[in-house]
Structures are given as C-alpha cells and as structure tokens.
Amino acid sequence: MSVANRIVDTDGLGTASTATRPRSQFPNFKQAFNAIPDRKWQIEVQDQLLQYVNFKPGWDSYGAPPVTWDAGMFALNILKDVMRPRTPIPQVVPSSVGGVQLEWHEKGIDLELHVTGPYQCELWFQDLNAPGTGPISMDLTNDFSALLKPIELLTQR
Amino acid sequence: MAVVAVEQIIDEDSLLRRVHPSQVIDDKNLGARRPSSGAFTDTELSADSELLLVKYGLDLSFCLKGYAGYAVVRFAVKFARSNGMVVSHTPKEDNPAHTDVIGKKSKALQRQFAAMSEWAHEEPKKT
C-alpha cells in the first residue's frame with residue numbers, strides 16, 4: 001500500500017488507510033470526536049421529565065404529586081453544566097415528594113442527585129472501587145462542585 | 001367496608017409497598033433491577049401489613065388490584081423500626097391492612113430501604 005493512502009491521526013496512535021478518503025478531511029479527528037457534545041442525553045432526559053411533570057397527582061398510588069416544573073428544569077440545568085460528551089446518561093426517576101432523582105449505578109459508582117426544587121438538592125456518592133472510603137451525602141444549594149469528581153469518574157472509567 | 005379496629009403491628013411482620021414502574025431502576029453495579037431510593041422518600045410511607053392481609057383473607061393480588069404494571073416490594077417491620085421509624089396500623093375503609101412507616105428518611109435510609117426490599121411482584125422490563 002502506498003504511503004499516500006495511509007491516514008495517521010494527530011496523536012500518531014494508529015493508522016488507517018483507505019484509497020477513498022483524502023488525508024486532509026480528518027486531521028483532528030480525535031479532538032473533534034471528544035469536543036462534539038453528545039446531545040442524545042438531553043433529548044432522553046427532557047422526554048422523561050416532560051412525562052413526569054404531566055403525571056396525575058397520586059401517580060405512585062399513594063398520593064405523590066407530579067414532578068414540579070421547577071425541579072425538572074433545575075435538574076436539567078445541572079446536567080447541562082456537568083455532563084461531558086462521554087458521560088453515561090443518568091436514569092431519571094420521579095420521587096414520591098414531587099422531586100426528580102438523577103441516578104447513575106455503573107462502573108462501580110453509585111451517584112444520586114435528588115432535586116426537589118431550585119437550589120434544593122441532595123447528593124449521594126459512593127465509589128465502590130475505593131474500599132475504605134465512605135459515601136458522601138450532602139445537601140447542595142448553589143455550589144455543585146461536589147458533583148464534578150463523580151462525573152469525572154463516570155466519564156473516564 | 002367499615003374501618004377495622006387498629007391493631008399492633010408486630011416486629012415479625014413484613015410490609016408490602018407498590019412501586020411505580022418509573023421508580024424501578026437498572027443497577028449495573030449489582031447486575032439487577034431494583035427500586036430506586038426515590039420510592040422511599042415519604043415521611044409517612046404507606047404499605048400493607050402482610051399478616052393483616054392474611055387475617056382479612058387478602059393477599060398480594062389485593063395490593064395490585066387496579067394497579068397493572070406496578071411492582072411490589074417487601075421489607076421487614078423490624079428493619080424499619082431498627083432505623084427509628086414508627087410503624088403503625090392505619091386502616092382505611094377500602095384497605096384493612098394499610099400501615100404507615102412514619103419518620104423522616106435520610107438519603108442513606110432511603111437507600112437502605114431500597115437495598116433491603118425484595119421483590120414480592122416484579123414486572124418485566126419494557127423494551
């Protein structure tokens with residue numbers, strides 16, 4: 001195979017060759033791949049939130065109110081701030097008190113964020129792969145930096 | 001049906017609670033589906049006493065009547081009380097076994113309820 005047909009990524013980590021793709025079309029593939037936001041999560045989360053705010057009162061069979069618009073939108077805004085392109089999509093769960101819970105239970109991470117209203121959140125985080133370190137449980141109001149490490153772990157593992 | 005007399009809920013009893021399908025999650029760390037901790041946030045958490053269901057000639061099907069698609073979990077009265085909850089029989093006209101698990105539940109305790117619950121009725125996952 002001639003050298004002219006070989007494509008090398010900018011990190012030099014691998015090569016691919018094709019006779020049909022000019023080398024100049026993919027000079028920064030890896031950089032672009034990681035930079036493109038993955039909006040699939042936003043569509044999925046919004047669809048679920050829309051469903052939950054439209055639940056009828058008593059949807060859980062015990063009188064639970066539907067998720068409030070405020071809680072849903074605040075939860076969505078938190079995600080917009082912390083989600084990375086490769087962060088797993090959270091499971092979105094309506095709570096029995098009108099809040100919404102964003103949950104991740106994978107890669108040895110247990111992460112739950114219960115949002116009951118704007119600036120009214122409760123965080124639970126435990127790294128099951130770090131024995132000896134206890135769970136973190138805390139109220140979050142306007143500082144959500146405590147979410148960054150768990151999200152980083154979820155994204156990188 | 002008239003409201004039955006209030007009875008003592010004994011420690012050896014177990015409680016059945018319905019779980020809406022939206023509150024059943026996939027826990028990949030456990031490799032299993034389980035109830036979310038979000039299903040246990042109520043300060044007055046409603047459930048049905050299994051012993052009282054039996055006493056009044058009822059069973060799990062009573063808990064699910066009119067609630068197609070819901071799952072049901074079971075947890076021990078002893079577990080609830082050992083975590084500071086008050087478990088009281090609060091019968092209703094249409095439910096002689098109705099019981100409340102009363103007390104503020106921290107996130108840690110909500111998670112324990114989720115972990116300690118076992119499926120009495122599990123719905124298949126919708127694809």
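Values computed for the structure shown
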| read-out | value |
| --- | --- |
| Any hit, region A:81-89, residues being away from chain B (no Cβ under 14 Å) and either free of Cβ contacts under 8 Å to residues at least 40 places away in the same chain or touching a strand residue (DSSP E or B) at 6+ places or on another chain (Cβ under 6 Å) (or both) | no |
| Residue that is surrounded by the fewest Cβ atoms within 10 Å (Cβ to Cβ), among those in region B:8-60 that are among the hydroxyl-bearing types (Ser, Thr, Tyr) and facing chain A (nearest Cβ under 10 Å) | B:43 |
| Any chance residue A:52 is over 18 Å from residue B:25 (Cβ atoms), surrounded by 14 or more Cβ atoms within 10 Å (Cβ to Cβ) and either within 13 Å of another protein chain (Cβ to nearest Cβ) or free of Cβ contacts under 8 Å to residues at least 12 places away in the same chain (or both) | no |
| Selection within region A:55-80 - free of Cβ contacts under 8 Å to residues at least 12 places away in the same chain and either polar (S, T, N, Q) or within 12 Å of chain B (Cβ to nearest Cβ) (or both) | A:56, A:58, A:61, A:63, A:77 |
| Residue B:86 aliphatic (A, V, I, L, M) and under 13 Å from the mean Cα position of the chain (by Cα) | no |
| Candidate set: region A:120-144, residues that are assigned to a loop (DSSP other than H, G, I, E, B) and surrounded by 12 or more Cβ atoms within 10 Å (Cβ to Cβ); chosen: the one farthest from the other protein chains (Cβ to nearest Cβ) | A:144 |
| Residue A:113 touching a residue at least 24 places away in the same chain (Cβ under 8 Å), within 13 Å of chain B (Cβ to nearest Cβ), part of a helix (DSSP H, G or I) and at negative phi | no |
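Just so you know, all these numbers are worked out from the coordinates, no wet-lab data involved. Source: prediction; values computed, not measured. Using ideal geometry, Cβ is built from the backbone for each residue, glycine included, and neighbour counts are taken over all protein chains shown.
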